[in-house]
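Trainee: The structure that follows is given in the form of structure tokens.
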Amino acid sequence: MSDLSDPRVLFAAERTLLAWSRTSLTLMAFGFVIERFGLFVHMISPQTGNTALQRNTSFWIGLAFIVLGAIAAAAAVLQYRTVLRTLKPIEIPKGYRVNLGVLVNVVVAGLGVALTIYLYVHGPGL
């Protein structure tokens, strides 16, 4: 339990949550770029006939980064909720909605999972 009785503790926790949200979005974007890099390499490589696009290393590494981003968003929510439980009511301003950042991170995590499933189902080589 916090002994500061200061609402800045809540705002610091919320800034940390939103920083993790940005980190998870960055990981997912980086994963998408890596996943699509295999398609780019296939397009610029000299082709000897009609070769099918396969799920190569860049596909799996890209999906791993997207999953890592979704896990980071979900873990940030759990960590933030743990900090919220330690705060006293005086540390939370009256009428302040503490769960908006949580909602954003839950949506980001869900979209990361949806993107992973979409890329896996509709990925190259199918």
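Trainee: Is there any pair linking a residue in region 106-119 that is within 21 Å of Arg36 (Cβ to Cβ) and touching a residue at least 60 places away in the same chain (Cβ under 8 Å) to one that is polar (S, T, N, Q) and assigned to a helix (DSSP H, G or I), with Cβ under 9 Å and at least six apart or on different chains, and which?
Mentor: Sorted first by the residue in region 106-119, then by its partner, the pairs are Val108/Ser21; Val108/Ser24; Gly112/Ser24.
Trainee: In region 42-53, is there at least one residue being out of contact with any Phe, Trp or Tyr (no Cβ under 8 Å at 6 or more places or on another chain), at pLDDT 95 or above, under 23 Å from Leu115 (Cα atoms) and not polar (S, T, N, Q)?
Mentor: The first filter runs over region 42-53 and keeps only residues out of contact with any Phe, Trp or Tyr (no Cβ under 8 Å at 6 or more places or on another chain), leaving 42-53.
So of that shortlist, the ones also at pLDDT 95 or above come out as none.
No - not one qualifying residue is present in region 42-53.
Trainee: Within region 76-106, take every residue that is under 13 Å from Ala19 (Cβ atoms) and of a type in the set (Gly, Ala, Ser) and give me the one that is modelled with the highest pLDDT.
Mentor: The qualifying residue modelled with the highest pLDDT is Ala76.
Trainee: Among what's in region 22-41 and is modelled with pLDDT under 95 and hydrophobic (A, V, I, L, M, F, W, C), pick the residue that is nearest to Val104 (Cα to Cα).
Mentor: Among those residues, the one meeting the criterion is Phe32.
Trainee: Could you list, in sequence order, all residues of region 82-115 that are surrounded by 14 or more Cβ atoms within 10 Å (Cβ to Cβ) and more than 11 Å from the chain's Cα centre (by Cα)?
Mentor: Kept after step one, since they are surrounded by 14 or more Cβ atoms within 10 Å (Cβ to Cβ), are these residues of region 82-115: 83-84, 87, 91-92, 98, 101-102, 104-106, 108-109, 111-113, 115.
Matches in region 82-115: Val83, Leu84, Leu87, Glu91, Ile92, Val98, Gly101, Val102.
The values are calculated or read from the model by the stated rules, or taken from the named source; none is laboratory data. Just so you know, these numbers come straight off a predicted model, no measurement behind them. As a convention, Cβ positions derive from the backbone with ideal geometry for all residues, glycine included, and neighbour counts pool all protein chains shown.
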